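Undergrad: Attaching a single structure in structure tokens format; questions to follow.
The values are calculated or read from the model by the stated rules, or taken from the named source; none is laboratory data. In this text the structure is predicted, and so the values were computed from the model without any measurement. Please note: Cβ atoms are built from the backbone with ideal geometry, for glycine as well, and neighbour counts cover all protein chains shown. Please note that ligands, DNA and RNA were not included when accessible areas were found on the heavy atoms of the full protein model with its side chains. Shrake-Rupley method; radii C 1.70, N 1.55, O 1.52, S 1.80 Å.
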Amino acid sequence: KDEDGDWYETGLHIFFGAYPNVQNLFAELGISDRLQWKEHSMIFAMPNKPGEYSRFDFPETLPAPLNGVWAILKNNEMLTWPEKVKFAIGLLPAMLGGQAYVEAQDGLTVSEWMEKQGVPDRVNDEVFIAMSKALNFINPDELSMQCILIALNRFLQEKHGSKMAFLDGNPPERLCMPIVNHIQSLGGEVRLNSRIQKIELNPDGTVKHFALTDGTQITGDAYVFAAPVDIFKLLVPQEWREISYFKRLDKLVGVPVINVHIWFDRKLKNTYDHLLFSRSSLLSVYADMSLACKEYYDPNRSMLELVFAPAEEWIGRSDTEIIEATMLELAKLFPDEIAADQSKAKILKYHVVKTPRSVYKTVPNCEPCRPLQRSPIEGFYLAGDYTKQKYLASMEG
């Protein structure tokens, strides 16, 4: 929270219908009403038509996968009919082959898979660049096709799989606090600012305790380590490093991402109460949070939250440079309302949040390196986006 009382965060957090565990968590905490479900659509900006959008609308009346097929067929701005047909034929093996087929594509990038399946390049340009950046903050020439197919399979198999919700306010108070309260109500304890310095072991290689930086020792019957893979790798005890389960983690690294918040002096008209795919070379997805989020609602001014990705080349640059580059892109998305020199909408303030290592980078051949959540060490478990579960690098994961 900044000095004005406004919140800013590490990422634009979206909840999909394909997240049953997250929805169960909300239900268990009695806060399901805090998910603001948006209309079942995916909305893409049109770079060749500045200021215009193209929609994929999933009809409520049709079951999956027909609702998804209908959404693709009804969209005529982004793909031609021949392209849609070739795209559908290319996807057939994934739809028929199930999970085994999906996992077998781990060795190919999205671009390589498209070429192999005879899917036109324009499908990549129109759809998959935006999808790759939204899923893993990298481009299709780096991303493993397995990542895309896992998402597509969920969306095609579950009627509301691709439906999106925003949290109705800031995550610390609206989601994290209810979790803390629930744990405490059952006699548990939540300690903040209690960093782990070392995992101390018993002579047999099992965990003796976690040593914290303040000198405290934490002992337990079971230990669940829920942290990004880069942090965990720094703390793997020397005695575990030659065990293949831990050794394989070397290949997994987090991907850099930047989250940008800009408060404008006016209400932008060319936007929606929804997540928007920018299809810009620098930006991934964005939303006008003054519309999309109840707590941030403002009838007079817009606050855009934008995911700046891929961020590899930008993570070391100054906030000023990042904002200037963002404004150049926004001038294309809002040609009538935003100019790069601020001669139209003016910036009241901004926040740039850099995450040098976020979710793990889902490049080809990573799948064999992802660990099961139950480790070979008795009583020691891993959790996080990089562990083996069916959702890859999402909150569900």
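Undergrad: Which helices, counted as full DSSP H runs in the chain, have an axial Cα extent of no less than 24 Å and a Kyte-Doolittle average of -0.5 or above?
TA: Span-like helices, by this rule, are 81-104.
Undergrad: Pick out which of Arg370, Arg266, Arg279 has the largest mean-square fluctuation in a Gaussian network model of the chain, springs linking Cα atoms closer than 10 Å.
TA: Residue with maximal mean-square fluctuation among Arg370, Arg266, Arg279: Arg266.
Undergrad: Roughly speaking, to the nearest percent, how much of the chain's 1.4 Å accessible area is carbon and sulfur?
TA: Ligands and nucleic acids excluded, carbon and sulfur reach 54 percent.
Undergrad: For region 1-153, just run the numbers: alpha carbon Rg, then divide by 2.2 N^0.38 Å, N being how many residues it has.
TA: Its radius of gyration relative to the 2.2 N^0.38 Å reference: 1.19.
Undergrad: Debye calculation, C-alpha points only, no solvent: report log10 I(q)/I(0) for region 249-314 at q = 0.15, 0.23, 0.28 Å⁻¹, in the same order as the q values.
TA: -0.53, -0.95, -1.19
Undergrad: Okay, next question. Looking at the chain as a GNM with Cα springs under 10 Å, which of Asn139, Asn259, Asn76 has the largest mean-square fluctuation?
TA: Asn76
Undergrad: With +1 on the Cβ of every Lys and Arg and -1 on the Cβ of every Asp and Glu, and nothing else charged, how large is the dipole of region 254-360 about its Cα centre, in debye rounded to the nearest 20?
TA: 140 debye
Undergrad: Another one. How would region 218-266 be classified by its alpha-carbon gyration tensor: rounded, prolate or oblate, with rounded meaning a/c under 1.5 and the a/b versus b/c comparison settling the rest?
TA: It comes out oblate by the Cα gyration axes.
Undergrad: When a/c reaches 1.5 or more, the comparison of a/b and b/c decides; with that in mind, is region 175-254 rounded, prolate or oblate per its Cα gyration tensor?
TA: Taking the square roots of the gyration eigenvalues as a ≥ b ≥ c, region 175-254 is prolate.
Undergrad: Build a GNM of the chain with springs between Cα atoms under 10 Å: which of Gly51, Gly205, Gly384 gets the top mean-square fluctuation?
TA: Top of the fluctuation ranking is Gly205.
Undergrad: Sort Glu173, Glu28 by accessible area with a 1.4 Å probe, largest first.
TA: Of Glu173, Glu28, the descending order of accessible area is Glu28, Glu173.
Undergrad: Please identify every one of the GluC sites (Glu not before Pro) in region 262-343 that sits in a loop by DSSP and has no more than 12 other beta carbons within 10 Å of its own beta carbon.
TA: Of the GluC sites (Glu not before Pro), the ones in loops of region 262-343 whose Cβ has at most 12 other Cβ atoms within 10 Å are Glu313.
Undergrad: Hey, got the dipole for region 1-49? About the Cα centre, +1 on K and R Cβ, -1 on D and E Cβ, debye to the nearest 20?
TA: Using Cβ point charges on Lys, Arg, Asp and Glu, region 1-49 gives about 380 debye.
Undergrad: Skip the ligands, DNA and RNA, and give the accessible area per residue of the chain with a 1.4 Å probe, whole Å².
TA: 48 Å²
Undergrad: Classify region 254-360 as rounded, prolate or oblate, taking a ≥ b ≥ c as the square roots of the eigenvalues of its Cα gyration tensor: rounded when a/c is under 1.5, otherwise prolate if a/b is larger than b/c and oblate if not.
TA: prolate
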